[in-house]
1. Being buried (at least 20 other Cβ atoms within 10 Å of the Cβ) and within 14 Å of another protein chain (Cβ to nearest Cβ), is that true of even one residue in the stretch B:124-143?
2. Within the stretch B:58-92, can you find the residues that are within 15 Å of B:Glu31 (Cα to Cα), within 14 Å of chain A (Cβ to nearest Cβ) and in contact with a helix residue (DSSP H, G or I) (Cβ under 6 Å, 6 or more places away or on another chain)?
3. Using the structure shown, decide if A:Arg118 is of a type in the set (D, E, K, R) and either buried (at least 24 other Cβ atoms within 10 Å of the Cβ) or within 14 Å of chain B (Cβ to nearest Cβ) (or both).
4. Taking the condition of being touching a residue at least 12 places away in the same chain (Cβ under 8 Å) and either under 16 Å from B:Thr18 (Cα atoms) or part of a helix (DSSP H, G or I) (or both), how many residues in the stretch B:121-139 meet it?
5. For the stretch A:233-260, which positions are open to solvent by less than 10 Å² (accessible area, probe 1.4 Å) and of a type in the set (A, V, I, L, M, F, W, C)?
6. Take the residues of the stretch B:217-232 that are hydrophobic (A, V, I, L, M, F, W, C) and in contact (Cβ under 8 Å) with a residue 60 or more places away in the chain: which is surrounded by the most Cβ atoms within 10 Å (Cβ to Cβ)?
7. Looking at B:Gly34 and the list (1) farther than 20 Å from B:Gly223 by Cβ; (2) surrounded by fewer than 24 Cβ atoms within 10 Å (Cβ to Cβ), which single condition is not satisfied?
8. Has the stretch B:198-212 got any residue that is polar (S, T, N, Q) and within 14 Å of chain A (Cβ to nearest Cβ)?
Amino acid sequence: MKWRKLGVLLLVLAFAATMVVGCGGSQDTSAPDQTEKEFKVGFIYIGAPGDAGWTYAHDEGRKYLEQQIPGVKTVTLENVPEGADAERSIEQLVQEGCQVVVANSFGYGDPMLEVAKRYPDVTFLHCSGLQTAENVSTYFGRMYQPRYLSGMVAGAMTKNGKIGYAAAYPIPEVIRGINAFTLGVKAVNPDATVKVVWSNTWVDPTLEKQAAQSLIDAGCDVLAQHADTPAVQQAAEDAGIYSIGYNSDMRKFAPNANLTSPVWNWGPYYVRVIQSVIDGTWKSEAYWGGMADGIVDLAPISDKVPTEIVDQVQAKKQEIIQGEWDVFFGPIKAQDGTVKVPEGQALTDEEMLSMDWFVYGVEGTIE
Amino acid sequence: MDLNSIVALLAVAIVAGTPLLFAAVGEVMAERSGILNLGVEGMMLVGAVTGFIVTVTTENHWLGILAAAAGGAVLAAIHAFICITLKGNQVVSGLALTIFGTGTASFLGKNYVGLPLTNRFNPIDIPVLGDIPVLGPILFRHDAMVYLSIVLALALWYIMFRTSWGLSIRAVGENPAAADAVGISVSRVRYLAVIVGGMMAGLGGAYLSLAYAPTWQESITAGRGWIAVALVIFALWNPLRAILGSYLFGGVEALTFRIQTAGFQISPFFLSMLPYLFTILVLVIVTIRLRQEAGVPAALGFPYDREER
């Protein structure tokens with residue numbers, strides 16, 4: 001009996017210890033040597049920076065921010081679930097003295113607005129959000145622009161005209177990416193098609209690999225992805241075909257397969273916004289920056305891609321940066337071949353943000 | 001669907017079923033001894049992360065799977081201690097083990113998320129056998145762990161049903177008092193079975209992180225541990241049927257994508273529901289069948305106390 005009680009006690013202690021260690025582990029920084037001049041910025045992450053994807057890109061931006069503005073000190077909370085837990089985490093950062101709180105996932109919107117109401121002197125930045133407030137900005141990037149360019153690379157490199165696209169969820173952000181990519185493919189290779197499979201997950205390397213494998217077995221010889229792990233790249237590497245990455249430069253996961261990746265570059269945005277908060281010039285905004293701002297870009301293109309294609313891509317990139325042309329300028333045909341955007345017209349931001357239809361050349365369904 | 005795509009589907013079914021096979025066979029062993037372990041998901045995750053960490057640091061994937069088995073065994077030992085020595089509630093302990101394992105794995109793997117793996121289990125094209133039409137690509141072009149899982153499943157079947165050790169395990173699961181009376185140490189047998197079960201679950205997790213994905217991500221198992229638990233019932237506590245069941249489930253998982261590439265107009269959300277729908281269906285059918293057919297160990301879920309008769 002004694003042993004049993006002792007055992008239970010030990011177990012309880014062990015669990016408690018791991019809880020404490022676990023929680024402590026999630027706070028990334030740092031020595032509490034707080035000086036008066038220090039400007040504290042808190043980051044709420046949906047994942048961990050090691051994912052090589054979404055959160056990794058944001059964390060690179062955070063590091064860039066610390067580098068560029070020496071007085072700025074950052075605090076991060078990783079793997080914060082969306083919903084009620086997020087509210088507590090955001091509030092915790094505010095109480096730790098953060099003057100700006102950044103949240104990198106859509107589902108943090110409502111909790112952030114709640115906390116923002118209680119702390120009018122603190123600035124809040126919500127990535128991919130829809131709703132702003134007096135002290136809450138939303139920000140996102142026009143990822144469709146580099147996706148179009150990556151589509152040009154894929155279209156030029158496919159031999160049989162079959163390109164596969166392993167996508168996460170059928171939501172406007174992802175659909176917009178598929179459409180932009182397909183338009184890029186068609187621009188250099190009018191006969192090629194883009195086959196889409198949905199994995200219904202952002203982060204599940206095994207399912208993403210399954211999705212990639214099914215595309216390979218269906219005969220695709222170039223794969224692209226919209227999900228957060230490099231599993232698709234690895235599948236392409238194993239199969240000896242080409243691939244287009246996403247989020248960050250994914251060459252290291254598939255040195256032979258990877259041709260290029262549309263990438264996020266949050267650093268300059270964070271520097272600009274935090275500087276304006278420090279200067280007192282910040283105003284709430286719904287920011288949707290493009291390649292001209294450098295918030296999205298195309299990673300270096302593999303030397304397997306012929307130079308004339310690279311030149312073509314660079315020229316298109318310049319057109320986008322100069323603002324002479326954008327991806328969803330007409331004429332654009334819908335999946336069934338009917339004209340969706342006539343010549344001389346272009347989609348508005350609103351139409352792009354609510355996109356729920358495929359362009360001509362996509363094989364797949366949105367349900 | 002032509003022959004090629006069916007061959008490809010079956011080959012993928014085996015690969016996708018392998019993590020389930022490891023875990024399910026291990027759970028069969030534990031449950032045969034009378035201990036229900038719902039911590040499979042947690043043990044798989046700990047196995048996946050320990051295997052990955054050791055492989056990254058030592059650059060030896062064989063050491064990696066040893067570590068994975070050890071990781072799973074440690075977690076299983078906690079469960080064994082609670083359920084056998086402390087005679088605690090097996091359901092509660094198992095659920096706690098899943099939560100504990102998930103957290104521990106995330107914590108241990110924090111600095112290893114998304115790292116590329118240089119040493120991994122690559123598919124081997126077995127000479128001659130691999131060239132057999134149809135059967136070759138389905139059966140003989142997999143990585144070493146696929147074959148290991150089959151060998152272990154066969155070995156554990158042999159031990160459980162053809163040796164006196166196995167008789168002890170099954171006796172302890174059916175009627176621990178009788179087993180005790182003939183001199184079998186109930187707790188020793190149960191400890192052993194649960195820990196071996198944990199090792200198998202750890203290997204199942206390592207299959208994901210060292211061969212299939214191969215990478216470490218939080219919750220890389222994504223619920224496969226629970227499917228493995230359901231598979232045990234599907235297999236009627238028999239490792240041989242677990243082989244069949246695992247590949248069937250792997251096939252359903254693979255099919256969700258193949259239906260999409262084949263151009264059928266079915267909602268992807270419905271398709272990703274399929275494996276779970278299938279699980280429920282199987283449980284219903286098996287439960288109805290169970291009325292006629294024996295399989296469930298009589299003492300499953302009950303702690304054994306010599307003084308309580």
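The values are calculated or read from the model by the stated rules, or taken from the named source; none is laboratory data. Quick caveat: nothing in here was measured; it's all calculated off a predicted structure. Note: ideal-geometry Cβ built from the backbone for every residue, glycine included; neighbour counts use all protein chains shown. These accessible areas exclude ligands, DNA and RNA; they are computed on the full protein's heavy atoms, side chains included. Shrake-Rupley method; radii C 1.70, N 1.55, O 1.52, S 1.80 Å.
1. yes
2. Residues of the stretch B:58-92 within 15 Å of B:Glu31 (Cα to Cα): B:76-77, B:79-80, B:83-84, B:89-91.
Checking the rest, the ones that are also within 14 Å of chain A (Cβ to nearest Cβ) come to B:77, B:79-80, B:83-84, B:89.
Across the stretch B:58-92, the qualifying residues are B:Ala77, B:His79, B:Ala80, B:Cys83, B:Ile84.
3. Values: of a type in the set (D, E, K, R): yes; either buried (at least 24 other Cβ atoms within 10 Å of the Cβ) or within 14 Å of chain B (Cβ to nearest Cβ) (or both): no.
When the stated conditions are applied, A:Arg118 does not pass them.
4. Of the stretch B:121-139, the ones touching a residue at least 12 places away in the same chain (Cβ under 8 Å) are B:121-126, B:134, B:137-139.
Filter once more, keeping what is either under 16 Å from B:Thr18 (Cα atoms) or part of a helix (DSSP H, G or I) (or both): B:121-124, B:137-139.
Counting residues in the stretch B:121-139 that are touching a residue at least 12 places away in the same chain (Cβ under 8 Å) and either under 16 Å from B:Thr18 (Cα atoms) or part of a helix (DSSP H, G or I) (or both) gives 7.
5. Within the stretch A:233-260, A:Ala235, A:Ala236, A:Ile244, A:Met250, A:Ala254, A:Ala257, A:Leu259 meet the criteria.
6. Of the stretch B:217-232, the ones hydrophobic (A, V, I, L, M, F, W, C) are B:220, B:222, B:226-232.
Cutting the leftovers down to in contact (Cβ under 8 Å) with a residue 60 or more places away in the chain gives us B:220, B:226-229, B:231-232.
On the way: B:Ile220: 28, B:Trp226: 17, B:Ile227: 27, B:Ala228: 31, B:Val229: 22, B:Leu231: 28, B:Val232: 29.
So the residue we want is B:Ala228.
7. The single condition B:Gly34 does not satisfy is (2).
8. First pass over the stretch B:198-212, keeping only residues polar (S, T, N, Q): B:209.
Narrowing the set further to residues that are within 14 Å of chain A (Cβ to nearest Cβ) leaves B:209.
There is at least one residue in the stretch B:198-212 that is polar (S, T, N, Q) and within 14 Å of chain A (Cβ to nearest Cβ).
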